[in-house]
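The values are calculated or read from the model by the stated rules, or taken from the named source; none is laboratory data. Nothing here was measured: the structure is a model prediction, and the numbers come from that model. Note: ideal-geometry Cβ built from the backbone for every residue, glycine included; neighbour counts use all protein chains shown. Side chains included, ligands, DNA and RNA excluded: accessible areas come from the protein's heavy atoms. Shrake-Rupley method; radii C 1.70, N 1.55, O 1.52, S 1.80 Å.
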Amino acid sequence: YKDERQIELRVPVMYSREEHMRDLFAAGGTPYERAAEVACGFPVRKKTHPNEYLLGKTLMLAVQFRAKAPKLQETARRDLNIDKGITFWERLIADLFADRAGLIATQDEWIARVKREGFIEVPLVGISRTFLGTSDCIDATFPPRSGRPA
């Protein structure tokens, strides 16, 4: 089974070594559902809770791109018709940052490296969108050509 959903979240999970997020992906869940669960206080599934799921998607991207509470409040009001006070969004951002501590720490390391060195090198990613990383996965993605060693 090859799951190609949410590559923009899988790559940061891989680098941040967030085991609970990796396990969530492996079980067929999504970080969007997890974020929605943190916000709503109950298990959220895309098919049965579509608006809450969209909130989870908005929240995950807000964490990944370091949005602040006022921006999150504005986006939720505009896009999802969810109108909550700023304290709700501040508390939610804090909870989600704690839930994604590995991602935040990894991003902080990258930012510090860029400040220190003036650039950042990124390795090749996406060879296997399931991040199994085995030779079989690499060969399935990049089949050996004649003249290239297997």
Within segment 18-54, residues closer than 21 Å to residue 90 by Cβ and out of contact with any helix residue (DSSP H, G or I) (no Cβ under 9 Å at 6 or more places or on another chain) come out as 41
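Being of a type outside the set (Asp, Glu), open to solvent by 50 Å² or more (accessible area, probe 1.4 Å) and not in a helix (DSSP H, G or I) is true for just one of 66, 77. Which residue is that? Even if it seems obvious, please write down each step before you answer.
Details: 77 fails: not in a helix (DSSP H, G or I).
One residue alone meets the criteria, 66.
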Cross-chain or 6+ apart pairs with Cβ under 6 Å, segment 33-53 first and closer than 18 Å to residue 79 by Cβ, then among the basic types (Lys, Arg): 53/46
